[in-house]
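The values are calculated or read from the model by the stated rules, or taken from the named source; none is laboratory data. Since the structure is predicted, the reported quantities are computational estimates derived from the model, not experimental observations. Cβ sites come from the backbone with ideal geometry, for glycine too, and all protein chains shown count toward neighbours. Quick note on the areas: whole protein, heavy atoms, side chains included, nothing else; ligands and nucleic acids left out. Shrake-Rupley method; radii C 1.70, N 1.55, O 1.52, S 1.80 Å.
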Amino acid sequence: MPDALDATPYDALLLLSFGGPEGPDDVVPFLENVTRGRGIPKERLKEVGQHYFLFGGVSPINEQNRALLDALRKDFAEHGLDLPVHWGNRNWAPYLTDTLRELAADGRRRVLVLATSAYASYSGCRQYRENLADALAALKAEGLALPRVDKLRHYFNHPGFVEPMIDGVLRALADLPEDVRNGAHLAFTTHSIPTAAADTSGPAEAHGDGGAYVAQHLEVARLIADAVRERTGVDHPWQLVYQSRSGAPHIPWLEPDICDHLEERHAAGAPAVVMAPIGFVSDHMEVLYDLDTEAATRAAELGLPVRRASTVGADPRFAAAVRELVLERSAVERGETVTPCALGALGPSHHLCPAGCCPARAPRPAAAGADSPYA
């Protein structure tokens, strides 16, 4: 048995994710949870949910989270890290509030949170922190003793997150016909968000054109493209593009869209494109539908060969990275000096989200940050 690793003061890890329907009857209620407060009619939600119905009403995200849970528990056990791993979702069972209630009832006092979003943005970080605050408020109203909740730092440039994506791009390139492989363009995709949200992503000092959200994605894209060049000897042209826009047409969102980009690359004479969804931890619905269905269909219409690189998912290297992040944060909380692991020029992200980081559309309490009411 390996020597025991020290996660004190933490006594639990919470995998916090988006959630997704598990069958056709779940689709509309799930979308009602996602869009709560926006007044969207049920009939409209049925239209929006059609891409779920194409896959039997089942989102792959839940099974992928179960696989990640298994990978984390396996890695922790093999390396002597005695830290239980739990799972809660924002929008579907197991719900975050229910999981935190169970942790509180079990006497857990310090909980670390791993969000299935690697980058800084309102929807990818602060909104999760707001959900944590809502759950803690519900537990407080029930008279329960509240655990202190901290969130692991952004891990977009951790080697255990980047290396599996490098391998995914290399496999996708190798799967292309040999006559178009070396000329293939790399399209690094992530979720489009309103430009106003991008511009205010990250700490206040990072705000500006695209904010931390765009800067972090560009850094990961560069790291992968550089590694591909080093390992193949081929310098593939690349660009950061966006997918899964869902907002009103009059609101500016990050562009170009992946389908528009494929048309542009085809018109410019690109022989092939590899789509690499670097903005997503796993192959959930937006990857399967927006890339594997819509973008792949558009490419087929154009006669443009495309391949889609895999996401990180439950790769053992990612599980190991989470273990390292847990130990790193634990040491910080114990007052020890640590050297955080990060690739590239941006360096490691902050451990504690500062005030003004990825501000909300309207002021709402957010846990696990410098402005948390539950510190």
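Worth a mention:
- Accessible area of residue 87 (1.4 Å probe, protein heavy atoms only, ligands and nucleic acids ignored): about 30 Å².
- Folded to 0 to 90 degrees: helix 96-105 orientation relative to the chain principal axis, Cα: 30 degrees
- In whole percents, the pair-distance distribution calculated for the range 277-372 from its alpha-carbon pairs, binned every 10 Å from zero, is 12, 25, 30, 22, 9, 1.
- Electrostatic bookkeeping for residue 215 treats Lys and Arg as +1 and Asp and Glu as -1; over the other residues with beta carbon under 14 Å from its beta carbon, the sum is -3.
- Over the chain: helical MRE at 222 nm, DSSP H runs n ≥ 4 each giving -39500 (n - 2.57), nearest 500: -12000 deg cm²/dmol
- For the range 126-172, the convex hull drawn through the C-alpha positions has a volume of 106 cubic angstrom per residue.
- The residues of the chain expose, per residue, 42 Å² of accessible area to a 1.4 Å probe.
- Computed over the alpha-carbon atoms, the range 1-81 gives an Rg to Rh ratio of 1.20, Rh here being the Kirkwood radius from the mean inverse distance.
- Between 0 and 90°, nearest 10: helix 316-333 axis offset from the chain longest Cα axis: 40 degrees
- Radius of gyration and Dmax over the Cα atoms of the chain, both given in Å: 20.6, 67
- When the chain is described by a simple charge dipole with +1 on each Lys and Arg Cβ and -1 on each Asp and Glu Cβ, the residue from 237, 61, 295 located farthest towards its positive end is 61.
- Alpha-carbon gyration tensor eigenvalues x 5, square-rooted, for the range 93-137, Å: 21, 11, 9
- To the nearest ten degrees, helix 159-175 and the longest principal axis of the Cα atoms of the chain are 20 degrees apart.
- Residue among 89, 62, 33 with the largest mean-square fluctuation in a Gaussian network model of the chain, springs linking Cα atoms under 10 Å: 33
- Nearest-10 value in Å² for the accessible area of residue 151, using the 1.4 Å probe: 10 Å²
- In Å², nearest 10: area of residue 317 left accessible to a 1.4 Å probe: 90 Å²
- For the range 153-237, diffusion coefficient by Stokes-Einstein and Kirkwood Rh (Cα), 20 °C, 1.002 mPa s, µm²/s: 150 µm²/s
- Counting protein heavy atoms only, the range 1-140 has 51 percent of its accessible area on carbon and sulfur, 1.4 angstrom probe.
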